[in-house]
Amino acid sequence: MTLDHAMHDPNIIAMLCAAGAAAVVVLIWMAMVDGDPLPERLKSITERRDELRIEEKKKKTSRVEGATRADMIKNIVQKLQLEKGKKINEIRLKLARGGYRSPDTVMTYLLMRVMAPCVTGFMAFFFLFIGHAFEMQTIMKILIVIAAILFGIKLPDIFLKNASQKREIVLRKAMPDALDLMVICAEAGLSLDAALDRVSREMAFAAPELSEEVGLTSVELGFFPDRSRALQNLSDRVPQPGVVALVNTLIQTEKYGTPLAQALRVLSSELRDDRIMAAETKAAKLPATLTVPMILFILPPLFIVLLGPAIMRVSGLMSGN
């Protein structure tokens with residue numbers, strides 16, 4: 001097929017149009033969902049501090065509505081009434097677990113839940129019915145379009161779940177170092193608020209995700225009358241066994257007056273033993289895990305290398321006779 005014929009082929013033109021539409025959707029998504037660099041994480045701590053200060057003083061502020069991106073998204077969500085019937089607090093908690101805690105992120109997420117099935121359904125319809133990319137029965141095309149719409153409905157949740165899982169892995173790896181720093185700060189005589197603030201500053205470059213969570217907890221401890229509420233918010237944002245154990249230890253320390261350094265030292269030892277046990281468990285599972293790859297990918301080439309020359313010589317001798 002020549003280049004001129006390829007440029008006039010309807011199927012190729014349809015595929016190029018669909019690829020362009022997909023690129024536009026990705027660019028819109030990247031524009032609406034901000035990145036997550038270190039300055040933005042530190043900024044979120046400052047915003048949380050200002051928000052709590054405003055709530056404490058009960059000052060009502062007003063701002064002029066402008067034609068900004070956040071205002072446009074909020075207006076669209078309100079006009080479509082996407083907030084009705086939605087558990088906003090649960091959605092906000094899920095977004096916070098994924099690292100998205102901007103005030104406008106909830107609106108963006110609700111808008112994406114409406115746009116994603118429309119975009120995926122339109123792309124499937126364009127490919128199959130307009131572009132005729134694949135030759136198949138009409139009923140199959142309809143089923144594929146329905147499947148694309150269902151996939152679009154689940155797409156924001158899948159994206160958010162993957163972001164949360166990646167964030168949990170990073171937090172779990174950085175937790176032992178942060179706990180060791182807390183032990184050092186507590187043994188040096190710092191209070192819980194000062195220890196959390198120091199750990200947040202020290203972990204800012206090594207683990208910005210954990211630094212953000214610890215910094216938010218430090219800010220909330222200074223504003224909430226009930227200090228256990230601030231600690232409980234940390235376990236809600238980071239639902240990991242190590243963080244939950246840390247929160248329970250800190251709440252017990254605040255309630256019963258247990259020495260902070262001693263409690264953190266015991267918890268650090270327990271978490272270190274848990275990490276060793278987890279590593280030993282993975283090492284014990286390794287032989288069984290490698291059995292199937294060894295049979296499929298290692299043994300056949302080994303047999304070919306070892307037995308191949310002998311088989312070829314025997315074949316040559318038999319053909320010569």
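The values are calculated or read from the model by the stated rules, or taken from the named source; none is laboratory data. This one's a predicted model, so the numbers in the text were calculated from it and none came from an experiment. No Cβ is skipped: glycine too gets one built from the backbone with ideal geometry, and neighbour counts run over all protein chains shown.
Observations on the model:
Conditions tested, residue by residue: (1) of a type in the set (A, V, I, L, M, F, W, C); (2) farther than 27 Å from LEU110 by Cα; (3) at pLDDT 85 or above.
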{"position": "GLU135", "(1), (2), (3)": "no, yes, no"}
{"position": "ILE142", "(1), (2), (3)": "yes, no, yes"}
{"position": "ALA148", "(1), (2), (3)": "yes, no, yes"}
{"position": "LYS154", "(1), (2), (3)": "no, no, yes"}
{"position": "ASP157", "(1), (2), (3)": "no, no, yes"}
{"position": "GLU168", "(1), (2), (3)": "no, no, yes"}
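- Meets criteria (outside any loop (DSSP other than H, G, I, E, B) and either in contact with a Ser or Thr (Cβ under 9 Å, 6 or more places away or on another chain) or not assigned by TED's automatic domain parsing to the domain that holds PRO239 (or both)) for MET112: yes
- Filtering segment 169-228 to residues that are of a type outside the set (D, E, K, R), within 20 Å of the chain's Cα centre (by Cα) and farther than 17 Å from LEU264 by Cβ leaves ILE169, VAL170, LEU171, ALA204, PHE205, ALA206, ALA207, PRO208, SER211, GLY215, LEU216.
- Taking segment 94-137 as the range and being touching a helix residue (DSSP H, G or I) at 6+ places or on another chain (Cβ under 8 Å) and among the polar types (S, T, N, Q) as the test, the residues that pass are SER102, THR105, THR108, THR120.
- Of the residues making up segment 154-177, none is small (Gly, Ala, Ser), surrounded by 20 or more Cβ atoms within 10 Å (Cβ to Cβ) and assigned to a helix (DSSP H, G or I).
- Restricting SER218, SER228, SER191 to those that are crowded, with 20+ Cβ neighbours inside 10 Å, more than 19 Å from ARG92 (Cα to Cα), outside the structural domain of ILE91 (by TED's automatic domain parsing) and among the hydroxyl-bearing types (Ser, Thr, Tyr) reduces the list to SER218.
- Checking each residue in segment 250-272 for being modelled with pLDDT of 85 or more and surrounded by 18 or more Cβ atoms within 10 Å (Cβ to Cβ) picks out only LEU250.
- Listed by first and then second residue, the pairs linking a residue in segment 188-214 that is without any contact (Cβ under 8 Å) to a residue 60 or more places away in the chain and in a helix (DSSP H, G or I) to a residue that is surrounded by fewer than 17 Cβ atoms within 10 Å (Cβ to Cβ) and among the β-branched types (Val, Ile, Thr), with Cβ atoms under 8 Å apart and 6 or more places separating them unless they lie on different chains, are LEU210/VAL170.
- Taking residues in segment 294-321 that are on the phi > 0 side of the Ramachandran plot, and partners anywhere that are modelled with pLDDT of 85 or more and surrounded by 10 or more Cβ atoms within 10 Å (Cβ to Cβ), not one pair has Cβ atoms closer than 7 Å while being at least 6 places apart or on different chains.
- Looking at ALA278, ALA283, just one residue is at pLDDT below 85 and at negative phi, and that residue is ALA278.
- The criterion of being in a helix (DSSP H, G or I), assigned by TED's automatic domain parsing to the domain that holds GLY20, over 27 Å from LEU210 (Cβ atoms) and out of contact with any helix residue (DSSP H, G or I) (no Cβ under 8 Å at 6 or more places or on another chain) holds for MET140.
- Filter result (in a helix (DSSP H, G or I) and under 19 Å from ASP177 (Cβ atoms)) within segment 238-263: PRO241, GLY242, VAL243, VAL244, ALA245, LEU246, VAL247, THR249, LEU250, LEU260, ALA261, ALA263
- In segment 131-157, the residues that are over 13 Å from MET115 (Cα atoms) reach residues that are among the aromatic types (Phe, Trp, Tyr) with C-beta atoms within less than 7 angstrom, at least six apart or across chains, in these pairs: ALA133/PHE127; LYS141/PHE129; VAL145/PHE125.
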